[in-house]
1. If a residue must be of a type outside the set (Gly, Ala, Ser) and crowded, with 22+ Cβ neighbours inside 10 Å, how many such residues does segment 24-33 contain?
2. Within segment 32-48, can one find any residue that is within 27 Å of Val179 (Cβ to Cβ), touching a strand residue (DSSP E or B) at 6+ places or on another chain (Cβ under 6 Å) and assigned to a helix (DSSP H, G or I)?
3. Taking segment 158-169, which residues are more than 19 Å from Ala112 (Cα to Cα) and in contact (Cβ under 8 Å) with a residue 60 or more places away in the chain?
4. Which one is farthest from Thr114 (Cα to Cα) among residues in segment 170-184 that are β-branched (Val, Ile, Thr) and without any contact (Cβ under 8 Å) to a residue 40 or more places away in the chain?
5. Look at Leu3 and say whether it is over 19 Å from Val152 (Cα atoms), under 17 Å from the mean Cα position of the chain (by Cα) and modelled with pLDDT under 90.
6. So which residues in segment 10-47 are small (Gly, Ala, Ser) and modelled with pLDDT of 90 or more, if there are any at all?
7. If you go through segment 28-72 one residue at a time, how many are in contact with an Asp or Glu (Cβ under 9 Å, 6 or more places away or on another chain) and touching a residue at least 60 places away in the same chain (Cβ under 8 Å)?
Amino acid sequence: MILNHLWGLYAHPRQEWQSIEQTHEGMGASLTHIFVIALIPAICGFFASSYIGWSIGAGDPIKLTQASAAKMAVAMYGALIAGVFLLAYLAHWMAKTFGAKPSFTQAVELSAYTATPLFMVGFATLYPELWFVMVVGLAGIAYSVYLLYSGVPIIMNIPEERGFIYASSLVTCGLVLLVAILASSVILWNVGFGPSYIS
């Protein structure tokens, strides 16, 4: 079902949200989806930073040691999964304010499938040019936001006008989570968990 939903979210997102809402495959399917899709940016990032090297302007590509790249990949994997669950928690917590009564499983489904385009951006790191990854990343963020706005009214079973405000609140929370993850990364780098480069 993961591949079916992947294709459907890109080809016909509204119909796919309706399919997800009607079937509600359960927490197990959502967890499988999150754990599998979150591997894409972690594995691609590891490969790009340790074997290919990042090109930032002129000069030789910058590479990390394999041990350092592996640590960064594991940390990224954990942060992505934690981010999805935090967004699901916030979606569930805010639901009553907007007249929705979702189960936590529905909130996890919404978060997991909304984050999918963002996780798929991981493939872009296999061509590790900073400008290219940023352009693809912006497209992934934009499509994730679109999926959120189109999915909230369907998954949460609320009118579109309330769904728009609800989704806007979730986008704001998602941006705060993203900033918090980036700030945590900077703090960890400063206390000795930074990357080790190949000289």
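The values are calculated or read from the model by the stated rules, or taken from the named source; none is laboratory data. The structure displayed is predicted, hence computed values, not measured ones. A quick note on method: Cβ atoms are made from the backbone with ideal geometry, for glycine too, and the neighbour counts reach across all protein chains shown.
1. Total satisfying the criteria: 1.
2. No, that holds for no residue.
3. Ile158, Arg162, Ile165
4. Within segment 170-184, the match that is farthest from Thr114 (Cα to Cα) is Val179.
5. Answer is yes for this residue.
6. Passing the criteria: Ala38, Ala42, Gly45.
7. 6
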